[in-house]
1. So, in segment 1-49, how many residues would count as being basic (Lys, Arg), in a helix (DSSP H, G or I) and free of Cβ contacts under 8 Å to residues at least 24 places away in the same chain?
2. Looking at 133, 174, can you tell me which residue is in contact with a Cys (Cβ under 9 Å, 6 or more places away or on another chain), farther than 30 Å from residue 44 by Cβ and either at pLDDT 90 or above or hydrophobic (A, V, I, L, M, F, W, C) (or both)?
3. Determine which member of the set 124, 150, 134, 106 is in a helix (DSSP H, G or I), closer than 21 Å to residue 224 by Cβ and not β-branched (Val, Ile, Thr).
4. Would you say residue 75 is touching a helix residue (DSSP H, G or I) at 6+ places or on another chain (Cβ under 6 Å) and without any contact (Cβ under 8 Å) to a residue 60 or more places away in the chain?
5. Out of (1) modelled with pLDDT of 90 or more; (2) among the small types (Gly, Ala, Ser); (3) surrounded by fewer than 13 Cβ atoms within 10 Å (Cβ to Cβ); (4) within 19 Å of residue 152 (Cβ to Cβ), what's the single condition that is false for residue 92?
6. Is it the case that some residue within segment 113-123 is out of contact with any Phe, Trp or Tyr (no Cβ under 7 Å at 6 or more places or on another chain), farther than 30 Å from residue 93 by Cα and at pLDDT 90 or above?
7. In segment 17-56, what count of residues is obtained for those that are among the basic types (Lys, Arg) and either surrounded by 10 or more Cβ atoms within 10 Å (Cβ to Cβ) or in contact with a Ser or Thr (Cβ under 7 Å, 6 or more places away or on another chain) (or both)?
8. Do the conditions hold for residue 191, that is, is it in contact with an Asp or Glu (Cβ under 6 Å, 6 or more places away or on another chain) and surrounded by 19 or more Cβ atoms within 10 Å (Cβ to Cβ)?
Amino acid sequence: MLPKLLTAPIWLIQTRRAAHWQRDPSAGTLPLGEVMRYAGSVLLADGLTAVRTQGDNLIIAAALGTTALGTYFFAFNAGIGILSSLVGAFGSVIFPMFCGAPAGAPRVAVLRRVAVGGAIVFVPLIALQALGAPWYMPIVFGAHWAFAAPYIAVMCLAGVPLIITQITTSWLRAEGRVSTDAMFSAITCVLALGGLSIGVQSGRIGLAIAGLVCGQTIAAVWFALRVLIPALDLRRKAAALLVVIDHG
């Protein structure tokens, strides 16, 4: 945490200096309260994400001990560590794409391309990693870690709700609905850690990981049903398609 806090001002200064910027008085200003409300909701959402991504370690250590925590931490990093970085980079790209498109049909068209592109890229990658875990685990990490292959395979499945959540979060923030984003982050945090807490009651790491993934998946599906599907208007499009088929 400390290195991130120390490097954040350096990153901000260097990013600011990398692009020439000059104040344009004709652009006007935004009320400070509006800026603070937006920034506060984003900070709350990201803070809850941090709680979710760090709280699982505390739950595993408290319930199953430090040895189990080592196995869980290994499975987490091998299963979704790299993928989460890729999804984060994907979010850094799609957010300005959403913001750069005018609100309404043009932005929805971007959302549609992003959703299809994300599915095409990430779903096969997640499936390949999950199905291939029993084969590449002993080769990459050594035979002594082969027992963790089922844990890694299940953890890989968390990539699907992760990409759904990333797209939804970027969309909500581009639409200015940051309070909704913060609410969904809270729901995701509760369901993910709640599922993990239920799973650890069995005393088995595999069920604990399954509980975590199930909680994240339920939250992501809720995200999709409440935000993405209405935004894409998929129900109306499906109804129109059925009408065309019937008349055809």
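1. Residues of segment 1-49 basic (Lys, Arg): 4, 16-17, 23, 37.
Narrowing the set further to residues that are in a helix (DSSP H, G or I) leaves 4, 16-17, 37.
Then keep just the ones that are free of Cβ contacts under 8 Å to residues at least 24 places away in the same chain; that gives 4, 16-17.
Residues meeting the conditions: 3.
2. On the way: 174 fails: farther than 30 Å from residue 44 by Cβ.
Testing whether each residue is in contact with a Cys (Cβ under 9 Å, 6 or more places away or on another chain), farther than 30 Å from residue 44 by Cβ and either at pLDDT 90 or above or hydrophobic (A, V, I, L, M, F, W, C) (or both) leaves just 133.
3. Working: 150 fails: closer than 21 Å to residue 224 by Cβ; 134 fails: closer than 21 Å to residue 224 by Cβ; 106 fails: closer than 21 Å to residue 224 by Cβ.
The match here is 124.
4. Working: touching a helix residue (DSSP H, G or I) at 6+ places or on another chain (Cβ under 6 Å): yes; without any contact (Cβ under 8 Å) to a residue 60 or more places away in the chain: no.
No.
5. Going through the list (1) modelled with pLDDT of 90 or more; (2) among the small types (Gly, Ala, Ser); (3) surrounded by fewer than 13 Cβ atoms within 10 Å (Cβ to Cβ); (4) within 19 Å of residue 152 (Cβ to Cβ), residue 92 breaks only (4).
6. No, because not a single residue in segment 113-123 is out of contact with any Phe, Trp or Tyr (no Cβ under 7 Å at 6 or more places or on another chain), farther than 30 Å from residue 93 by Cα and at pLDDT 90 or above.
7. Applying the first criterion (among the basic types (Lys, Arg)) to segment 17-56 yields 17, 23, 37, 52.
Cutting the leftovers down to either surrounded by 10 or more Cβ atoms within 10 Å (Cβ to Cβ) or in contact with a Ser or Thr (Cβ under 7 Å, 6 or more places away or on another chain) (or both) gives us 37, 52.
Within segment 17-56, residues that are among the basic types (Lys, Arg) and either surrounded by 10 or more Cβ atoms within 10 Å (Cβ to Cβ) or in contact with a Ser or Thr (Cβ under 7 Å, 6 or more places away or on another chain) (or both) number 2.
8. Details: in contact with an Asp or Glu (Cβ under 6 Å, 6 or more places away or on another chain): no; surrounded by 19 or more Cβ atoms within 10 Å (Cβ to Cβ): yes.
In short, no.
The values are calculated or read from the model by the stated rules, or taken from the named source; none is laboratory data. Small disclaimer: the values here were computed from a predicted structure and weren't measured. When we count neighbours, we look across all protein chains shown, and the Cβ atoms used for this are built from the backbone with ideal geometry, even at glycine.
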